[in-house]
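S.K.: Submitted below is the structure of interest, expressed as structure tokens.
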Amino acid sequence: MSTNLSRRAFLGTTGLMATTLAACNNGGGTSGGGGDEAAAGSVYWLNFKPELDEAAQALAGTYTESTGVPVKVVTAASGTYNQTLIAEMDKSEAPTLFVIGNPAGVKEWGDYALDLKGTAIESELSTDVYNLYDDAGKLVSMGYCYECYGIVANAELIEKAGHSIDDIKDFASLKTVVEDIHARAAELGFDAFVATDMDDSSSWRVTGHLANLEYYYEERDAGGWDECPAELKGTYMENYKNIYDLMINNSVVEPTALATGGHDPANQFTSGQAVFFLTGSWDYASLAAAQPSVRMLPYYCGVAGEEKAGLNCGTENCWAVNANASEENKKATMDFMVWLVSDPAASATMVEQLGIMPYKNAAASTNGFLNDAATYTDNGCYVLDWATNYQPNVDQYRAALVSALNAYNADQSDANWELVRTAFVDGWATQYKAANA
């Protein structure tokens, strides 16, 4: 997970492979089971995720065999989802189930989407955090899976250091544990944070993901962002600095050695050299295989009320139903959706491929970090959505931020932090103007 995800989400495109399946049969048309009546309606799912294609095709076949409802799954060619959607929506047999994954997509495709409020599929949701609405309040699309990122922690090593991971509930308690571990690193045999490398393979952890905490809280103050704002206020730059300083100054690697990278932070974590590591749910399997006690903590940074913070969770995978489809096809599509997220076997297949689904009757996830995210949400904690996806001219913006952070890492003066603030805040406005010239 790197800059590619944010760029892809901002532009509203993704890399997909092409496959088509049409399955036709006769039988009952209810959600999740067969019947004696002839099947009514059909489903055409224009799939967004390439890794789901094989499973989606198999699920479509199973559903058709058991219900008689024809289900066609098409996965667009690499990098062409939006183009494929444009082409397919012009056909007489247009997709009945498709993806609208971000606010830009809502503006472009919202008129084609059925309002999902009050529908059976909406009632299956366990949270509305991943829903997308238009300006009139129509529920345009709903997330069918999500990823998360935060501070991964080795609970066993924290215990060895005389602390408990359950005592970390805000920045002050995180700081206490981190600084104590770093101060006793020689005695303990491990340090607090892995290297926060600033080369291209790792800098996205701080210029993309960690930066999200500042964006998220600004977004929350503004009542939410529907599109990329032209400017940032920088209200939470000190909170960003809090956690950044804690990471680089309590690490296995000195701050002055971070610019060129090459320290392999994942190995530092899995080998037990360090307790904390910024990463996400995509790394769970490899990290947990080496360190089974891994947990994920929120980005605690000193914001008021952060004891109710959850993880950074987001998705660009949001289902929409074609408002122009026939009534029979709309019903058939939503019945199919309900089956995908509630049938034990079908939802288990979906979760195996997607990690987790925000639906109350879906199979449980085996991804511990995603389960941590769900636990925070279940306990009433707020989700930090992926406001990072709005970064304008993402490569140029992040490159300038890396340069400023490297100067600060070499000399942690107030003047050099001001360079970071300038790159972070003023750089946003500069790149917004360049992107919207």
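S.K.: Roughly how many Å is it from the Cα centre of segment 360-437 to that of segment 45-102, as a whole number?
M.R.: Segment 360-437 and segment 45-102 have Cα centres spaced 32 Å from each other.
S.K.: Shape verdict for segment 379-437, please, from the Cα gyration tensor: rounded (a/c under 1.5), prolate (a/b greater than b/c) or oblate.
M.R.: Verdict is oblate for segment 379-437.
S.K.: Given a Förster radius of 41 Å and the C-beta distance between Lys308 and Thr260 as r, what FRET efficiency does 1/(1 + (r/R0)^6) yield to the nearest 0.05?
M.R.: 0.60
S.K.: How many nm is it between the label spots at Thr80 and Asp111, if each spot is 7 Å from the Cα in line with the beta carbon?
M.R.: Going by the 7 Å Cα→Cβ label model, 2.6 nm.
S.K.: Suppose each label sits 7 Å from its Cα in the direction of the beta carbon; what would the Glu65-Ala172 distance come out to in nanometres?
M.R.: Going by the 7 Å Cα→Cβ label model, 6.0 nm.
S.K.: Counting DSSP beta bridges with both partners in the chain, what percentage is antiparallel, nearest 5?
M.R.: 70
S.K.: Under 18 Å from a point placed 7 Å out from the Cα of Ala136 along the Cα-to-Cβ direction: which residues of segment 110-126 have their backbone N that close?
M.R.: Only 110-119 fall inside the zone, counting backbone N under 18 Å.
S.K.: I need the peptides 136-149, 277-290 ranked by packing, meaning the mean over residues of other C-beta atoms within 10 angstrom, with the highest value on top.
M.R.: Ranking, from highest mean packing down: 136-149, 277-290.
S.K.: Roughly how big is segment 304-398's charge dipole about its Cα centre, with Cβ charges of +1 (Lys, Arg) and -1 (Asp, Glu), in debye to the nearest 20?
M.R.: For segment 304-398, the charge dipole is close to 80 debye.
S.K.: I would also like to ask the following. Extending each Cα 7 Å along its Cβ direction at Lys160 and Arg220, get the distance between those two points in nm, one decimal.
M.R.: Distance between label points: 3.4 nm.
S.K.: Between Asp200 and Trp282, what length comes free when the chain is fully extended (0.36 nm per residue of separation minus the Cα-Cα distance, one decimal in nm)?
M.R.: Extra length available between Asp200 and Trp282 comes to 27.7 nm.
S.K.: With unit charges on the beta carbon (Lys/Arg positive, Asp/Glu negative), name the residue among Asn371, Thr279, Gln431 whose Cα is farthest towards the positive pole of the charge dipole of the chain.
M.R.: The residue sitting most towards the positive pole is Gln431.
S.K.: If you average the alpha carbon positions of segment 229-297 and of segment 202-226, how far apart do those two centres end up, in angstrom?
M.R.: 16
S.K.: Do any of Lys107/Lys433; Lys308/Lys330; Lys107/Lys331; Lys49/Lys175; Lys107/Lys330; Lys233/Lys308 go past 30 Å between their Cα atoms, and which?
M.R.: Beyond 30 Å: Lys308/Lys330; Lys49/Lys175.
S.K.: Another one. Give the angle, between 0 and 90 degrees and rounded to the nearest 10, that separates the Cα long axis of helix 327-342 from the longest principal axis of the Cα atoms of the chain.
M.R.: Approximately 40 degrees, to the nearest 10.
S.K.: Lys/Arg Cβ at +1, Asp/Glu Cβ at -1, dipole of the chain taken about the Cα centre: which of Leu232, Gln291, Pro255 is farthest positive-ward?
M.R.: The residue sitting farthest along the positive end of the dipole is Leu232.
S.K.: Follow-up. Rounded to the nearest 20 Debye, what is the dipole magnitude of the chain about its Cα centre when Lys and Arg each give +1 and Asp and Glu each give -1 at the C-beta?
M.R.: Roughly 300 debye for the chain.
S.K.: Once you order the gyration tensor axes a ≥ b ≥ c over the Cα atoms, which shape class does segment 338-395 get: rounded for a/c under 1.5, otherwise prolate or oblate by comparing a/b with b/c?
M.R.: prolate
S.K.: Here's a follow-up. Where does the chain land at 222 nm, in deg cm²/dmol rounded to the nearest 500, when only DSSP H runs of n ≥ 4 count, each adding -39500 (n - 2.57), divided by all residues?
M.R.: -11500 deg cm²/dmol
None of the figures in this text is laboratory data; all of them are computed from the coordinates on show. On a predicted model such as this, the values are computed, not experimentally measured, just so you know. Positions of Cβ are generated from backbone atoms using ideal geometry, with glycine treated the same way; all protein chains shown enter the neighbour counts.
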